[in-house]
Amino acid sequence: MKKIATLTETKMAILFIISLASTACLIEEVEQSSTQVNAGDTFTTIVTVTAVGAESNNPHHGAMAVMVPDDWSYTSGSFTTTDDVGSGAMLVDPDSGSVWLTQDGVSAIDIDTFFTTPDNMQWVCLLSDTGSLTAAGVVHEVTLNFGVGSTNGTYPIGYVVTVNTGNLLDYINTDDEDNELVGVDTSFNHMVEVVGGTANIDENGLPTKYQLSQNYPNPFNPETTIDFQTDADSHVNISVFDINGNLVQELVNEWTESGSHRVKFSGHSIPSGIYFYKMATKGFADIRKMTLIQ
């Protein structure tokens, strides 16, 4: 069973593979399409990777492992590069990330356990459709599209860059000053919130925790929806406040059964601006920000 990790522990990365003998890869930038996506929409991420050294002997395919929620699906991907290949497609690795499975040329490792992977996350392993030789300073830009699942929550999308050779995980985030031994580079905790779907539920269809979701749409004009869930019958209060902390409206103030719930808020009688809404119940409290534009 996978260990449930903290956000710090779940720092992950995309791995773009070239050749450890003479090449190192560095993740220069991760650009995600949004910090909040609707269930069922498409999530796009662009990862820029630089080859520090040169590989003039063995053309290698690019390889990537991306950690996403376990109900997301990979739909398409492409890459462009400043080397002679130019561009191509990113395909699902038919060997499920075999490049990660050896260390020291002997022992087998599992990417799910080498990196602490939460129960609600999965690794998607990808390969470029074309291999290439690489000059020092070559830049690779990889664009990936995922179908967003139906489970609300905030998730740490993970990326790591590596090289396609043995012993690569011995060189993860090395402190080598000239970067020649950066075999695996990481970029962690790129947070994305899924809204408009269902709550976290167990095998019996019951919520597994208290949760206050981000309102949607946000910004809104003039109405918005707030989802929340409780894992036990309890008294729940949800109230809206202005930026000065003054109470604007009490949305919920009642005994609420365990389950997933939804409440609407209308800002038709208040001015545009930033507002906060707070959920409070015994043992749980959370505050989120929303923006009204009229």
Nitroxide proxy distance, nm - points 7 Å out along Cα→Cβ at residue 264 and residue 75: 2.8 nm
Ordering of 61-69, 213-221, 44-52 by packing [mean C-beta count within 10 Å, highest first]: 61-69, 44-52, 213-221
Chain lengthening between residue 84 and residue 33 when straightened (0.36 nm per residue, less Cα-Cα): 15.5 nm
Relative packing of 261-272, 185-196, which averages over residues the other C-beta atoms within 10 Å, highest first: 185-196, 261-272
Spacing of the two label points (7 Å from each Cα toward its C-beta) at residue 120 and residue 272, in nm: 3.4 nm
Rounded to whole Å, sorted largest first: equivalent-ellipsoid semi-axes of the stretch 211-292, Cα gyration tensor: 22, 13, 10
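Every number in this text was worked out from the coordinates using simple rules, so none of it is lab data. Since this is a predicted model, take the numbers as computed values, not measurements. So basically every Cβ, Gly included, is an ideal-geometry build from the backbone, and we count neighbours across all protein chains shown.
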